[in-house]
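Enquirer: Shown below is the structure under consideration.
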Amino acid sequence: MHSINFQCEVTTPLFMYGADDSTPELRPSEFKGMMRFWWRAVQHYNNMDKLRDVESSIFGGTSESSGKSKFNINVIKREILIQRYKPLPHHTGDDKCPYLPSCSGKGKKKGICVKGFKLPSIYVNSSFDIIFKTQKQIIQDFVTKVFETSIILGGFGKRSRRGFGSIYCSNFQYNSLGEVIKFLAHAMNSLSGGNTFETNNLTIKRKNKGELKYPWIEEVLFNSNQFKSFDELLKKVGEVTHNYANHDIIGSGEPRFASPVYVSTIRLGESYYIVVTKLHAYPPHSIQKNSSAIDKFLNAIMSLKEV
C-alpha cells in the first residue's frame, strides 16, 4: 500500500457537517466527491457510457461491475477550531443592513435583517492531514493532480461556490499566481488526456468544446488583485452575488440547478486571490441561458479588489 500525506490548513471558513447536518466534521466522502466532480469537469468525453465507465473505475461506483475506488482517503485532525461565521457575510443581521427591506423578517423581526445569521464552521487556521492510500504507486501522481486541481478550482462544504471552504496544503510547490496557472493548465491537460486547455495571461480556456452532456469547464479566470483579509474578500463576493442575482447565475428558481459559476479562493503567502471557473451548465433548464448576465457577473467578480 502506497500513501500520500497532504498537510492542510483551512483558509476560509468551512461549512462541512456530519450526519446531523449541524455539527462541523471533516468528511472523507466530501473530499472524494469534489475530486470526482472536478475530474469529470475537465474531461472531454462525448460518449457518456464511456465517461461513466472510466469514472467508476477510478472513484468506484454503485453497481457490482463498477469495482472499488483506486484510492482511499483518511483525514487526521491536528488542530480544529470551531467558530460561528456568516455564510452571507454581506448581510449585517440588524436594522442597518444595506439590503433591507428585501432581507427583512416578519413580526418582531420586521425591519431587521434575518440573513445575517451565523453557522458553526471549521474555522480559519484549523489544521489536518489528508492521507491518500493507493494499491499502485503509479496512481499517486494522478491523485495528486486531481486533489490539487480541486483545491484551486473550488472549496469544500456549503457555500463552496462562493469562496468558502478553501484549504491550503504545505505540499504545494507554487509561490506565485503565474506558477499556479502553469501547474493547473498542465494538470488539467494531463487529467483530460490531451491538449484540451490553453492559457492566455490570467485565463485558462477549453479549446475543443463539442457536445459534452455534463457540466464541463469552459474557462478558468484569475483575479490578480491581492486581498489581505479573507473576511473582506468573502464580503465583496457576497455583495456581487447579491447585486447580480439571476436565475442563470446563482442556480435558484425553478427548476433548481447548480450555479455554473464557481468562485473560489487560494492563498499564496499572506495574500488571498479569487479564482472563477465558468462551467457549461447541463442539462439545459427551461429558462433561456442569459450569457449577458453571466458575463456581467464574471466581470464584476474579476474587478474586485481590496480597498
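Read the figures in this text as sums done on the coordinates, not as results from a lab. Here the structure is a predicted model, which means the values were calculated and not measured. A quick note on method: Cβ atoms are made from the backbone with ideal geometry, for glycine too, and the neighbour counts reach across all protein chains shown.
Enquirer: What is the sum of charges around S229, taking Lys and Arg as +1, Asp and Glu as -1, for the other residues whose C-beta is under 13 Å from the C-beta of S229?
Expert: Working: positive: K228, K235, K236, R267, K305; negative: D231, E232, E270, E306.
Computed value for this residue: +1.
Enquirer: With viscosity set to 1.567 mPa s and temperature to 4 °C, compute the Stokes-Einstein D of segment 46-115, Rh being the Kirkwood radius across alpha carbon pairs; µm²/s, no decimals. Show your work: numbers first, answer last.
Expert: Details: Rh = 17.0 Å.
Answer from the Stokes-Einstein relation: 76 µm²/s.
Enquirer: Ok, one more. Would you tally the net charge around L268, using a Cβ to Cβ cut-off of less than 15 Å, leaving L268 out, and scoring K and R as +1, D and E as -1? Display every interim value, and only then the final one.
Expert: Values: positive: K182, K228, R267; negative: E9, E148, E179, E270, E306.
Computed value for this residue: -2.
Enquirer: Cα axis of helix 177-192 to longest principal axis of the chain: angle in degrees, 0 to 90, nearest 10?
Expert: 50
Enquirer: Exceeding 21 Å between C-alpha atoms, which entries from my cross-link table qualify? They are K115/K278; K158/K236; K118/K296; K86/K236; K32/K209. Before the final figure, lay out each step's value.
Expert: Values: K115/K278 27 Å; K158/K236 18 Å; K118/K296 29 Å; K86/K236 13 Å; K32/K209 26 Å.
With Cα atoms farther than 21 Å apart: K115/K278; K118/K296; K32/K209.
Enquirer: OK, next. Roughly how large, in nm² to one decimal, is the mean projection of the convex hull of the alpha-carbon atoms in the chain?
Expert: Values: hull surface 68.7 nm².
Averaged projected hull area, Cα only: 17.2 nm².
Enquirer: Pull up all non-local amide H partners of I112: gap of 5 or more, or a different chain, and H-to-H distance under 5 Å with H placed in the peptide plane.
Expert: HN-HN under 5 Å from I112: G105.
Enquirer: On to the next question. For K213, which aspartates and glutamates qualify as cross-link partners when the Cα separation must be under 13 Å and same-chain residues fewer than eight apart are set aside?
Expert: Cross-link targets: D49.
Enquirer: If I take all pairs of Cα atoms in segment 1-117, what percentage of them are more than 17 Å from each other?
Expert: On the way: 4846 of 6786 pairs.
Tail of the P(r) past 17 Å holds 71 percent of the pairs.
Enquirer: Arrange the peptides 159-167, 141-149, 173-181, 99-107 so that the one whose residues have, on average, the most other Cβ atoms within 10 Å appears first. Provide the component values of the computation, followed by the final result.
Expert: Details: 159-167: 24.9, 141-149: 19.4, 173-181: 14.2, 99-107: 12.6.
For the peptides 159-167, 141-149, 173-181, 99-107, the packing ranking is 159-167, 141-149, 173-181, 99-107.
Enquirer: Let me ask another. Excluding S69 itself, calculate the net charge of residues whose Cβ lies under 11 Å from the Cβ of S69, where each Lys or Arg counts +1 and each Asp or Glu counts -1.
Expert: Details: positive: K32, R36, K68, K70, K133; negative: E55.
Summing Lys/Arg as +1 and Asp/Glu as -1 gives +4.
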